[in-house]
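Read-outs: derived from the displayed coordinates by stated rules, not from any lab. Keep in mind it's a predicted model, so treat the numbers as computed, not measured. Ideal geometry is used to build each Cβ from the backbone, glycine not excepted, and the neighbour counts take in all protein chains shown.
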Amino acid sequence: MVAKIISGKEVAKQIREELKAEVEKLKETHDVEPGLVTILVGENPASVSYVTAKQKTAHELGFHSVQDNQPENMTEHDLLALIEMYNKDPKIHGILVQLPLPKHINENKVLYAIDPKKDVDGFHPVNVGKLMIGEPDYLPCTPAGIQQLLVRSGAQIEGAEVVVVGRSNIVGKPIANILLQKAEGANATVTICHTRTKDMAFHTRRADILIVAAGRPKAITADMVKEGVVVIDVGVNRIGKTPEGKAKLCGDVDFEAVKEKASMITPVPGGVGPMTITMLMMNTVRAAKLAAEAA
Ligand code: NAP
């Protein structure tokens with residue numbers, strides 16, 4: 001079997017078209033433009049490029065988008081006051097604080113200061129808790145993107161044996177939780193593996209759907225998967241440079257070998273990556289809708 005490649009670029013494009021239409025409708029029916037502020041403290045080059053990409057997408061979708069750049073030496077107190085200002089701003093529906101923050105600022109304190117209704121990253125404990133009890137408002141972006149990739153590529157999720165490698169708060173735990181929900185696009189039987197798992201291959205070989213978020217290049221080899229598995233490779237590992245001097249990336253899965261056994265597989269780059277920003281936009285549109293309906 002040679003796998004069908006799940007293109008995150010294509011799925012993201014399709015969702016962005018749908019969001020554009022929703023934004024237009026929201027303007028017509030409620031005279032509301034989804035508002036997203038991205039707060040960047042300092043000038044970390046990777047963070048600058050992430051924030052720029054988020055703002056560019058927000059702009060393309062017709063959002064009211066604000067990029068708020070703050071100096072590296074900004075105090076925690078001032079950042080908390082800034083967040084409070086955006087919490088109260090009716091034109092802003094989503095607040096994104098780009099991580100990592102400078103060392104003198106407590107990241108959790110900052111994330112917890114965001115109004116849960118404007119927490120479009122889905123990291124606030126209120127939103128994490130709501131997902132846990134099956135009443136989510138906002139799903140965290142990367143796991144939400146993974147679910148969309150599975151649903152939109154026609155993977156059979158209900159009743160499937162899903163194995164997740166990795167238990168981080170931003171990918172592993174939330175995707176396990178999302179696919180466990182008693183809901184459409186979920187209802188799976190989920191196993192989570194991590195560095196203390198005794199025999200990881202025992203679990204990965206049982207998987208109908210294997211989601212790998214370990215941050216270890218080629219940790220999953222062909223002998224660790226069964227024929228017909230659906231593979232979502234979340235890992236992004238920098239393994240040198242291309243002849244053009246760009247970072248050369250690979251996932252956590254030995255793509256070339258595993259694609260010979262899988263039924264579907266995501267590439268790296270071009271798989272999960274393009275979905276994350278798109279889901280941030282989806283959450284912001286949802287935040288604007290919820291605010292408009294509550295007004
Ligand atoms: P993380 O916080 O470092 O967590 C990695 C998890 O994988 C941990 O739970 C760790 O177990 C587990 N793990 C590591 N090596 C393992 C191994 N050999 N066997 C079994 N489990 C192993 O990473 P993360 O933030 O979840 O990110 C994971 C990867 O996804 C990274 O490459 C990251 O760059 C990528 N990522 C991509 C996107 C995207 O948009 N495409 C978004 C987020 C992350 P322990 O808990 O036992 O240490």
Taking θ = phi - 60°, what integer Hz values does the Karplus form 6.51 cos²θ - 1.76 cosθ + 1.60 yield along region 272-286, in sequence order, with x for Gly and Pro?
5, x, x, 7, 4, 5, 4, 6, 4, 5, 4, 5, 5, 4, 5
Among beta bridges assigned by DSSP with both residues in the chain, the antiparallel ones amount in percent, to the nearest 5, to 10
Residue 91: which lysines have alpha carbons under 20 Å from its alpha carbon, excluding same-chain residues fewer than 8 sequence positions away?
20, 25, 27, 54, 56, 117, 118, 289
Can you give me the C-alpha center-to-center distance between region 121-200 and region 239-293, rounded to a whole angstrom?
16
Residue 14 to residue 46: extension gain in nm, 0.36 nm per residue of separation minus the Cα-Cα distance?
8.9 nm
At 1.002 mPa s and 20 °C, plugging the Kirkwood radius over alpha-carbon pairs of region 141-273 into Stokes-Einstein gives what diffusion coefficient in µm²/s?
146
I want the local charge near residue 248. Using Cβ-Cβ distances under 13 Å, sum +1 for each Lys or Arg and -1 for each Asp or Glu among the other residues.
+2
At 0.36 nm per residue, and after removing the present C-alpha to C-alpha distance, how many nm does the segment from residue 168 to residue 256 gain when stretched out fully?
29.1 nm
Can you tell me how much longer the chain between residue 53 and residue 223 gets when fully stretched, taken as 0.36 nm per residue apart minus their C-alpha distance, in nm with one decimal?
57.4 nm
With 29 Å as the cut-off, how large is the P(r) tail for the chain, expressed as percent of Cα-Cα pairs?
37
For an R0 of 22 angstrom, estimate the FRET efficiency from the Cβ-Cβ distance between residue 182 and residue 293 and round to the nearest 0.05.
0.30
